[in-house]
Amino acid sequence: MRPTSAVVSPAMRVLPTFFVAAVLSLATAGAAQATNAVVLVSGFTTSTPFSTSDPSCKGKEGDTWSVNVAPALKQANLTVFTAPEGEGAKAPAPCVGPGQKAPPASATIDTGGDVDTNGRALASFLAFLRDNYSVTTVQLVGHSDGGIWSRSAITQSSAYANGLTVQSLATLGTPHTGSFAADLIEALNGATCDFSNQIVEFVCNTFEDVLSVMSDELGPTAISELTNTYMTTWNPKQAIGSCAVTVIAGDHVNVPVIGSLLPYYYNRSDGVVGQASALAQGSTSLEFSPIPAPAFTTLVNGGTFDVVHSASLSFLSKNDLLNQAAITAVVLDAVRAGAKAAVPCNGGSALKVRPPDALAVPLRSAILVGKGTEERRGDILVARRSVKVTCGGRALTGGGTRTVHIIPLAECRGRVAAGGGRAVILRSDPQRRVNLRLSGSTLTVRMAGDPVASLTAQVRSGERWRTLKLDGKGRATLPRADAVTTVRVLCGPTRGAKLEWATATLAR
């Protein structure tokens, strides 16, 4: 039987249309509101838009997350947001659904900016989600620096604590104890050549070719705040409570001649971050200085995978931390466990760890590689990737950046040679160390080991170095109460024309 037709007035025709639109609006709003959400935080020099789980944002989560991680989490019916990030705190245009709001500029992370400033921006972003998307619990997932900024945001939880808790943190290739790539640039005097001493000028110019490339790729803030000296002094100041922290590492890059050098701060690595650092494990530098682990109450080892740090190192391997289903499965498990966790992350319940009384930093010198330079334990070689480096005739490849080799030469047991370009060995002096102690605005500098002919202490002031006036006890007052202080100690040549130096970055 065919239904009878009815005459409908124009006014009545409007009602169903309006009613359907209202229902659709409510449905969209309902989908936008979620008490539990996953927040993805990318790392340094990335550009990531704010995006929601609205269907229109599929594939628009930014280069870091849209390939694998975000689609998998959304397919698991999780509400996913990407934190807005970009150089100079300028993120790409946001992706939001109908009626959804975009965050304010104050909630945008500067991917070339300071660690704690970015933590504050992320904390503001979480407060934005609480106020505009009814989010009450969050699982944070951070890649590279994104994991560090997440830890800082949790420490600064007062910005979002009224009505929202972070339940868990998962990190992929996060340099919890520092990045050896940043360590190298720090050791090379911060890639600046404004020295007055001609010998020092020669040393710096020797490295200028590779340093300029590395500085451009990492950025000045990442260089200073991703060093193991900075992280050693920053880690004890963080407070995230007893929530679970799941850590994931990559180890595709391996320098075979290092052999059993433990515990993997330099090797194996994902090309930028060593295995020990990514897994938040204590380790030692090549000079056997201790690199302490951060204090996590509940640390979950999510595993180590045969991958590189990110797509920027695809010339080493097509597999990276962000495009592998097996790694994303670990992240998904961590997120699901965090949603059920009874103990949230709590910035107000610090696990008190005493910062080190002093940092012992080895003195270093530079050696230009000839046809057959004898290697010593603790040497680190740096060169452009176009340069062919061999040890005892055996080809070497290492981590570093897209265009620069960083190769620790421990246990090379042979002569090092370079072909097709310039290579330099950074050599530590086992007989000399500089002990740096920072108390408030007072810096104390003391030598340990063999005496030196002269000693000059400098502190970075903007783009230049300022010489400190040391008293008879090696003490000086720092000029400003910056959160980050980079100190350089220059020691006059005592053996021929060799000049030695030490550099460290401290969290105040």
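Numerical summary
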{"read-out": "Residue 65, sole failed condition from (1) closer than 14 Å to residue 141 by Cβ; (2) over 24 Å from the mean Cα position of the chain (by Cα); (3) of a type outside the set (Lys, Arg)", "value": "(2)"}
{"read-out": "Verdict on residue 215 being assigned to a helix (DSSP H, G or I), within 24 Å of the chain's Cα centre (by Cα), of a type in the set (Ser, Thr, Tyr) and at pLDDT below 65", "value": "yes"}
{"read-out": "Pick from the range 430-442, criterion of a type outside the set (D, E, K, R) and assigned to a strand (DSSP E or B), ranking: nearest to residue 468 (Cα to Cα)", "value": "442"}
{"read-out": "Candidate set: the range 24-42, residues that are modelled with pLDDT of 90 or more and either among the aliphatic types (A, V, I, L, M) or open to solvent by less than 30 Å² (accessible area, probe 1.4 Å) (or both); chosen: the one farthest from residue 127 (Cα to Cα)", "value": "42"}
{"read-out": "Qualifying helices (runs of 4 or more DSSP H) (wholly inside the range 85-191; at least 3 residues being at pLDDT 90 or above and buried (at least 21 other Cβ atoms within 10 Å of the Cβ))", "value": "115-133, 145-155"}
{"read-out": "Answer residue from the range 283-292, given it is open to solvent by 50 Å² or more (accessible area, probe 1.4 Å) and at pLDDT 70 or above and is nearest to residue 381 (Cα to Cα) among those", "value": "290"}
{"read-out": "Count of the range 471-505 residues which are of a type in the set (A, V, I, L, M, F, W, C) and modelled with pLDDT of 75 or more", "value": "9"}
{"read-out": "Matching residues in the range 247-275 - criterion: being surrounded by fewer than 24 Cβ atoms within 10 Å (Cβ to Cβ), at pLDDT 85 or above and either in contact with a Cys (Cβ under 6 Å, 6 or more places away or on another chain) or under 17 Å from residue 293 (Cβ atoms) (or both)", "value": "275"}
{"read-out": "Candidate set: the range 74-84, residues that are of a type in the set (A, V, I, L, M, F, W, C) and touching a Ser or Thr at 6+ places or on another chain (Cβ under 9 Å); chosen: the one surrounded by the most Cβ atoms within 10 Å (Cβ to Cβ)", "value": "83"}
{"read-out": "Listing of strands (runs of 3 or more DSSP E) fully contained in the range 319-429 that carry 3 or more residues being within 30 Å of residue 444 (Cα to Cα) and modelled with pLDDT of 70 or more", "value": "359-368"}
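The values are calculated or read from the model by the stated rules, or taken from the named source; none is laboratory data. Everything numeric in this text was worked out from a predicted model, so none of it was measured. Positions of Cβ are generated from backbone atoms using ideal geometry, with glycine treated the same way; all protein chains shown enter the neighbour counts. The accessibility values were calculated without ligands, DNA or RNA, using every heavy atom of the protein model including side chains. Shrake-Rupley method; radii C 1.70, N 1.55, O 1.52, S 1.80 Å.
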